[in-house]
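Participant: I am attaching a structure below and will ask some questions about it afterwards.
Where a number appears in this text, it was derived from the coordinates with a stated rule and is not lab data. Computed from a predicted structure; not experimentally measured. Note that we place each Cβ from the backbone using ideal geometry, even for glycine, and neighbour counts take in every protein chain shown.
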Amino acid sequence: MRLLISFAALFLSVIFLQLGTGGVAPLDALSGVALDFSKAEIGTLGSAHFFGFFIGCWWAPRLMGAVGHSRAFAAFTAAGTIGLIAHMMIVHPYAWALLRMLSGLCVAGCYTIIEAWLQAKVTNETRGRAMGIYRIVDTTGSLGAQLVIGILSPATYFSYNLLAILCCAALLPVTVSKAEQPDMPPAPRLRPGLAWARSPLASLGVVVSGITSAAFRMVGPIYGIEVGLSADMIALFLAAYVLGGALVQFPIGWLADKYDRRHVLIAISGAGIAACALTVGLSGMGTVPVFLAAALFGAATLPVYSISTAHAHDFADSAERVELSAALMFLYAIGAIASPLIASTLIDAFGASAMFTFIALAHLLLIGFGLLRMWSRPAPSARTRYVYTPRTSFLGGRLFGRARDDR
């Protein structure tokens, strides 16, 4: 309880941040449909979000070093609030793409600051419990953000203003907290080649994870509309995806620690392909089968990032963990930037099921490459612990790196 209270301000900011910025992607998709944006334009909004996210990951450690944690957090939150509140002032897809870059910048920047603050305050004795609470808070906020969409009307001032208020509210706990700001840790160098040098399979795995997650979260509402879901049903559809992924983290982690991670990665990619086929096959059978398929899809695809990062860290030493995490996040962002635009264009050209065909092909490529890597290199003799890794910031490597070494 003392641990929870000591981090209460940070965790409360995480919830407000998730509620404010986590709902903008489905709201933008629904609003874009209402405003007659093309599917490619709606996909561009998702790609713009992850472009801003990548810039924020790179810039946030440097801004913290220049102005401190609280001021940097205020700056990123202000950017996110502007990105939300200006939507209905400038109703144009390319203007919205610029605003979504601000939202992505806000998410990456704020999470970088929160994780740097946590890293400075946790000890070896409290790290496991603090990270467990952090994951629960983050997942709860993400679920809440999806559910909020069910009560918001697309393309209205009220909806975007409400999200802007929630985003702005994330400022209050951090700025009024009496906790002393920690010293700024050095910013990690960005070396994408490090990830490929340590594990080509893990590098492709995080790219495929970015392709899958970004396509579903940013373009999933278009798919929902295409198969006949209403706005409130789309909120439950996206929430089922997040919940499915959260529920399997423990059993998947147990399997990834017990067996060759490459076997687990190949198996779960096969499950992802099956989930794609099931989602398409159940699309016309009512809402409950569609929600069930979404939950299974989340269960089969969301763990790919954590399995891939665990496999990469098996080939790294402790001194490389932060830079390796940064390199993997960079590769994830590359997949996530490209995916929404590609998925929305495919839906426009070939119909709703084309998005899942695209995702299935990405996982098929991962399976083929995994089999090739198993033939060319044996499994590592010593392995790190599987750690559920939120895709939040480059500094996550500091938070979760020690947990990988603790057996």
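Participant: If you average the sequence gap of Cα pairs under 8 Å that are 6 or more apart and divide by the length of the chain, what percent do you get for the contact order?
Facilitator: About 26 percent, as a whole number.
Participant: Here's another thing I want to ask about it. How large is the Kirkwood hydrodynamic radius of the range 140-261, in angstrom, based on all distinct alpha carbon pairs?
Facilitator: Details: mean 1/r = 0.0542 Å⁻¹.
Taking the inverse mean of 1/r over all distinct Cα pairs, the range 140-261 comes out at 18.5 Å.
Participant: Based on DSSP H assignment, which helices of the chain show an axial Cα extent of at least 30 Å together with a mean Kyte-Doolittle hydropathy greater than or equal to -0.5? If you can, show how the numbers build up before the last one.
Facilitator: Details: long enough: 39-67 (40 Å, 0.74); 93-121 (42 Å, 0.84); 127-148 (31 Å, 0.22); 200-226 (37 Å, 1.14); 321-350 (42 Å, 1.45); 354-376 (33 Å, 1.67).
TM-like helix candidates: 39-67, 93-121, 127-148, 200-226, 321-350, 354-376.
Participant: If you count, for each residue, the other Cβ atoms within 10 Å and average over each peptide, how do 35-45, 326-336 line up from highest to lowest? Don't skip to the answer; put the middle values down first.
Facilitator: Numbers: 35-45: 20.3, 326-336: 25.3.
Going by the mean number of other Cβ atoms within 10 Å, highest first, we get 326-336, 35-45.
Participant: How big is the chain on each of its three principal axes, counting only the C-alpha atoms and giving the largest first in Å?
Facilitator: The Cα atoms of the chain stretch 54, 52, 37 Å along the principal axes, largest first.
Participant: Give, to the nearest whole percent, the P(r) tail of the range 270-332 beyond 16 angstrom, counting all Cα pairs. Don't skip to the answer; put the middle values down first.
Facilitator: Values: 1093 of 1953 pairs.
Summing the P(r) tail past 16 Å for the range 270-332 gives 56 percent.
Participant: Let me ask another. Please give the length that would be gained between PHE350 and ALA197 if that part of the chain were fully extended, namely 0.36 nm times their separation in residues minus their C-alpha to C-alpha distance (nm, one decimal). All intermediate terms of the calculation are to be shown ahead of the outcome.
Facilitator: On the way: separation 153, 0.36 × 153 = 55.08 nm, distance 3.76 nm.
Gain on stretching PHE350 to ALA197: 51.3 nm.
Participant: Further question on the same structure: Hey, any idea what Rg/Rh is for the range 195-353, computing Rh the Kirkwood way over Cα pairs? Don't skip to the end; give the middle numbers.
Facilitator: Values: Rg = 16.3 Å, Rh = 16.2 Å.
Rounded to two decimals, Rg/Rh equals 1.00.
Participant: Can you compute the helix-only [θ] at 222 nm over the chain? Use -39500 (n - 2.57) per DSSP H run of at least 4 residues, normalise by all residues, nearest 500 deg cm²/dmol. Working shown, then result.
Facilitator: Values: 19 runs with 316 residues, N = 407.
Mean residue ellipticity, 222 nm, calculated: -26000 deg cm²/dmol.
Participant: To continue, here is another question. Bins of 5 Å, beginning at zero and ending with the bin holding the largest distance: percent of Cα pairs per bin for the range 45-137, please.
Facilitator: 3, 15, 20, 18, 16, 13, 8, 4, 2, 1, 0
Participant: Right, here's the next one. For the range 1-107, what is the largest minus smallest coordinate of the Cα atoms on each principal axis, given in angstrom and ordered from greatest to least?
Facilitator: Between the extreme Cα coordinates on each principal axis of the range 1-107 lie 50, 31, 21 Å.
Participant: With unit charges on the beta carbon (Lys/Arg positive, Asp/Glu negative), name the residue among ALA275, SER318, LEU99 whose Cα is farthest towards the positive pole of the charge dipole of the chain.
Facilitator: Farthest along the dipole direction, towards plus: SER318.
Participant: Follow-up question, since we're still on this one. What full-extension length gain, to one decimal in nm, is calculated for PHE250 and TYR157 as 0.36 nm per residue of separation minus the Cα-Cα distance? Please list the in-between numbers first.
Facilitator: Numbers: separation 93, 0.36 × 93 = 33.48 nm, distance 4.07 nm.
Separation in residues times 0.36 nm, less the Cα-Cα distance, equals 29.4 nm.
Participant: What is the spin-label model distance, in nm, from ARG377 to THR140 if the labels are put 7 Å beyond Cα along the C-beta direction?
Facilitator: Label-label distance for ARG377 and THR140, simple model: 4.0 nm.
Participant: Moving on to the next point. Note the full-extension length gain between LEU190 and THR287 as 0.36 nm times their separation in residues minus their Cα-Cα distance, in nm to one decimal. Spell out each step's value before the answer.
Facilitator: Numbers: separation 97, 0.36 × 97 = 34.92 nm, distance 4.37 nm.
Full extension of this stretch gives 30.5 nm more.
Participant: For ALA155, which sequence-distant residues (separation of 5 or more, or a different chain) have an amide H within less than 5 Å of its own amide H, given hydrogens modelled in the peptide plane?
Facilitator: Hits under the 5 Å cutoff: SER31.
Participant: Can I ask one more? Over the alpha-carbon set of the range 237-280, work out the extent along each principal axis and list the three values in angstrom, largest first.
Facilitator: 32, 20, 9
Participant: Let me spell out the model: positive unit charges on the Cβ of Lys and Arg, negative unit charges on the Cβ of Asp and Glu, origin at the Cα centre of the chain. What dipole size does that give, in debye rounded to 20? List each step's numbers first, then the result.
Facilitator: On the way: 27 positive and 19 negative charges, 222 e Å.
It comes to approximately 1060 debye.
Participant: Here's a follow-up. What residues qualify as long-range amide H neighbours of VAL227, i.e. H under 5 Å apart, gap of 5 or more or another chain, H built at 1.01 Å from N?
Facilitator: Residues meeting the amide H criterion: none.
Participant: Any chance you could tell me what percent of the C-alpha pair distances in the range 50-96 go past 17 Å?
Facilitator: Working: 473 of 1081 pairs.
For the range 50-96, the fraction of Cα-Cα distances above 17 Å is 44 percent.
Participant: On to the next question. Considering Cα pairs under 8 angstrom that are at least six residues apart, work out the relative contact order of the range 249-304 and quote it in whole percent. The partial results should precede the final answer.
Facilitator: Values: 30 pairs, mean separation 23.0, N = 56.
Reported as a whole number, the value is 41 percent.
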